Every structure is written in structure tokens, then in C-alpha cells.
Ligand code: OGA
Ligand code: MN
């Protein structure tokens, strides 16, 4: 199923409004997901991925004990599969701005490849007032992923109680969206290579933060 209808957007908006996050299985058709998985692996095989860091500017650190993924930032020319994804996200952005007045304006994204046994320790994608990231959106690209393969996204539902979490399996076609300043999260190690496309919607610099 390819999501495009206003009904699905409304469901996502409702989930975001009530829970601050939404998990959407089958966001895109499996052909599109397969094409994107192949593209991510092609970037890796042609040496176009680099070890991801944490922090930024002079505080940027590369430490696989914190974060073991390799990433490729995307810009410019989009493959047709990626264009389908961008089109779907653009419709979603407009729908969320209409129903939740989030003032989403920019979008940035990268492919991520987590080698076997690598992880990303618990973190926030955006600290309040430091930047403009508002919504984190992760699309998983892993066909035939089993619970026993591991690699869940562990989403901490309560910043005061790290025993309260939800694990989302990185199954092909699942999109997870959450408020970037609110949810601590981590990526658990997996027994297989784990692929995703991770992006952030952000506000304009001058947009008032709530
Ligand atoms: C990230 C991240 C989660 C995931 O890239 O910041 O938290 O499930 N990714 O890939
Ligand atoms: Mn993150």
C-alpha cells in the first residue's frame, strides 16, 4: 500500500498529536523500498558512506562505542524511488502543517547502514532551542526482518523513566515519526546489516518554538 490519502495523513496527525510519535507500517510499496535498499547498498559498496559522528561543529565526535552506523547525506538528484518517497513526505508535511500547525519548512535526510553488532546509544536528535529539528522520520528498508534479528529502535516514551519504552522493529516499509526534542531513543545491535533512511523536518529559523 502506498500512503497518499488524506485519511492516512489524518491518522498520522492524530497519533502525533496524542502520543508525540507515530508508527506507520507499509508506508510505501515494497518495490520502492527494494529500490532504495539497493541504492543504499550501492553507496556503501562504492565507498560513498562515512562513519557518522555525534554532536556538531567543534564538538563533533566519531566514536563507534556511541554510534556505529555509516551514513550518506542525500541532496540534489533523486532516484525515482527516492522521488516517490520525497513526494509522499511532502504531502505529509503539508498535511501536518495544516492539522497541527507545526510550521515544518525544511527537510534533510541520509541513508544509514548499521553493520552487524553496531548500535547507536540513547540520545536525543535535537536539544531544545539549539536548532530547528522538529520531527524525526525514519523509513526502514530491511526485507524479511525477524524479531530475532534484533536492531529495534527503542523509543523511550517517558524522559523521566527509561523503563518505559516501545521497541519498533526496522521492518521494510515501516515509517516511524517522533518529536525530535521529546523522545530519547537508541538503536539496538542486530545480527544482520540494518538499512534505513533517516530524515528531519525542521522549522524556519525565525519560527517561534513551542
Ligand atoms: C538517528 C537514529 C534510529 C533508527 O539516526 O538519529 O536515531 O532506528 N536512528 O535508525
Ligand atoms: Mn536519533
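The values are calculated or read from the model by the stated rules, or taken from the named source; none is laboratory data. The shown structure was predicted, so the numbers you read here are calculated from the model rather than taken from an experiment. Note: ideal-geometry Cβ built from the backbone for every residue, glycine included; neighbour counts use all protein chains shown.
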Filtered residue count, region 124-143, keeping only those that are within 12 Å of ligand 1 (Cβ to nearest atom), assigned to a strand (DSSP E or B) and at pLDDT 95 or above = 6
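Of the residues that sit in region 158-174 and are in a loop (DSSP other than H, G, I, E, B) and touching a strand residue (DSSP E or B) at 6+ places or on another chain (Cβ under 6 Å), which one is nearest to ligand 2 (Cβ to nearest atom)? Lay out the reasoning, then the answer.
First, the residues of region 158-174 that are in a loop (DSSP other than H, G, I, E, B): 158-164, 169-170, 172-174.
Cutting the leftovers down to touching a strand residue (DSSP E or B) at 6+ places or on another chain (Cβ under 6 Å) gives us 162, 170, 172, 174.
Values: 162: 15, 170: 13, 172: 20, 174: 16 Å.
The qualifying residue nearest to ligand 2 (Cβ to nearest atom) is 170.
So which of 94, 104, 100 is exposed (fewer than 14 other Cβ atoms within 10 Å of the Cβ) and touching a helix residue (DSSP H, G or I) at 6+ places or on another chain (Cβ under 9 Å)? Steps first, please.
On the way: 104 fails: exposed (fewer than 14 other Cβ atoms within 10 Å of the Cβ); 100 fails: exposed (fewer than 14 other Cβ atoms within 10 Å of the Cβ).
Only one candidate qualifies: 94.
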